[in-house]
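The values are calculated or read from the model by the stated rules, or taken from the named source; none is laboratory data. As the structure is a computational prediction, the values presented were derived from the model and not from experiment. Note that each Cβ is placed from the backbone with ideal geometry, even for glycine, and that neighbours are counted across all protein chains shown.
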Amino acid sequence: MSHSFNFQGKHVVVAGGSSGINLGIAKAFAQNGAKLFIFSRSQDKVDAAVEFLKEDAENVVGATADVRDPEQVIQVLKQANEVFGNIDVLVSGAAGNFPASAIGMSSNGFKSVVDIDLIGTFNVMRHAYEFLTKPGASIISISAPQAFTPAEMQVHVCAAKAGVDMITRCLAMEWGAAGIRINSIAPGPIEETEGMKRLAPNEAVKKAVQKSVPLDRFGEKQDVANLALFLASPLSSYITGTVIPVDGGWTLQGFGHYMELMKQAMAS
Ligand code: COA
């Protein structure tokens, strides 16, 4: 279910906005009047996402940049500023994940996820600062349950996302006086996402995941987008530095049983 917010004329930038949860968030802002600037690594995905967003919004621009490279990030944020002016809402959502044990991945495998999720988040926020609307901008980072729930096969993601949450909290302190709020959303199992394809590789695991969610269903992208709209709106004007799960209560129970099933699925 979608609720109505007014982002008419607001400039929303979504890093990693060409697919999955981030595209769902971009779509929700498009449906509520925003001007959208999205970027990700893949030109094809960006092109398709722009077409999709244009069904709801006139002002949509896409660009390619790898969040791991500060120079590319700076260029793309400058472009966003030139096209649509100061940034009112910044969503930092570019992420990577694969299930692997610590001894099943190289140092470079660990580093690649830390580079995208953690360093990428810093790059995007750090270099967006000069273009943000001050006061008034809202930054939303995309965390994960792995940031606060340790999990086997996820040491890289747990470490990276815990760092993302700390960036959220630290910058909320540093940038609060400038009138910038920063909050983090930690989506649980959301259906039809690349992440869940990787982390719930077959029907048995999917069923087990659903059973372990107190609300007994997978989340929808709209569930995450609804929180993003709220966190970007004046309704949340006294909220900053928080990490809010959108997970149907999933993380209340920890990951143990599910990770055991996932390991079995990967071994078979
Ligand atoms: N198990 C173990 N190691 C893996 C792996 C897996 N399933 N997948 C990748 N790696 C390792 C690679 O072996 C490589 O290490 P090496 O150079 O020592 O061999 C390292 O990770 C980087 O892989 P590469 O494919 O070159 O990196 P990339 O930058 O092209 O891709 C990833 C980054 C690995 C995170 C990739 O999964 C990705 O692009 N993901 C984006 C989409 C996504 O994950 N969406 C879900 C978000 S929740």
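Some values worked out for this structure:
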{"quantity": "Top-ranked residue in the range 171-217 [being over 22 Å from the mean Cα position of the chain (by Cα) and part of a helix (DSSP H, G or I); ranked as nearest to M262 (Cα to Cα)]", "calculated": "V205"}
{"quantity": "Members of the range 227-238 found to be out of contact with any helix residue (DSSP H, G or I) (no Cβ under 7 Å at 6 or more places or on another chain) and either of a type outside the set (G, A, S) or surrounded by 15 or more Cβ atoms within 10 Å (Cβ to Cβ) (or both), listed by number", "calculated": "L227, L231, A232, S233, P234, L235, Y238"}
{"quantity": "Output for the range 101-113, where each listed residue is surrounded by fewer than 18 Cβ atoms within 10 Å (Cβ to Cβ) and of a type outside the set (D, E, K, R)", "calculated": "S101, A102, I103, G104, S106, S107, N108, G109, F110, S112"}
{"quantity": "Hits in the range 79-107 (condition: free of Cβ contacts under 8 Å to residues at least 12 places away in the same chain and within 21 Å of I182 (Cα to Cα))", "calculated": "none"}
{"quantity": "Within the range 39-73, tally of residues that are more than 26 Å from L171 (Cβ to Cβ), surrounded by 15 or more Cβ atoms within 10 Å (Cβ to Cβ) and among the charged types (D, E, K, R)", "calculated": "2"}
{"quantity": "Residues (in a helix (DSSP H, G or I) and of a type in the set (S, T, N, Q)) located in the range 151-170", "calculated": "T168"}
{"quantity": "Residues that are of a type in the set (S, T, Y) and within 11 Å of the ligand (Cβ to nearest atom), drawn from the range 151-201", "calculated": "T193"}
{"quantity": "Flag for V67 being touching a Phe, Trp or Tyr at 6+ places or on another chain (Cβ under 9 Å), away from the ligand (no atom under 12 Å from the Cβ) and among the hydrophobic types (A, V, I, L, M, F, W, C)", "calculated": "no"}
{"quantity": "Residue count for the range 168-183, restricted to those that are of a type in the set (K, R) and farther than 19 Å from N86 by Cα", "calculated": "1"}
{"quantity": "Flag for D88 being acidic (D, E), at pLDDT 95 or above and within 19 Å of F122 (Cα to Cα)", "calculated": "yes"}
{"quantity": "Candidates A177, A160, A137 - the one that is crowded, with 22+ Cβ neighbours inside 10 Å and either over 15 Å from V12 (Cα atoms) or touching a Phe, Trp or Tyr at 6+ places or on another chain (Cβ under 6 Å) (or both)", "calculated": "A160"}
{"quantity": "Exclusive hit being of a type in the set (V, I, T) and crowded, with 18+ Cβ neighbours inside 10 Å, set V76, V83", "calculated": "V76"}
{"quantity": "Answer from V213, V243 - the residue that is in contact with a helix residue (DSSP H, G or I) (Cβ under 8 Å, 6 or more places away or on another chain), surrounded by 14 or more Cβ atoms within 10 Å (Cβ to Cβ), in contact (Cβ under 8 Å) with a residue 24 or more places away in the chain and closer than 21 Å to A94 by Cβ", "calculated": "V243"}
{"quantity": "Breaking point among (1) under 16 Å from A144 (Cβ atoms); (2) in a helix (DSSP H, G or I), for P245", "calculated": "(2)"}
{"quantity": "Within the range 96-114, tally of residues that are more than 6 Å from the ligand (Cβ to nearest atom), farther than 16 Å from A147 by Cα and in a loop (DSSP other than H, G, I, E, B)", "calculated": "1"}
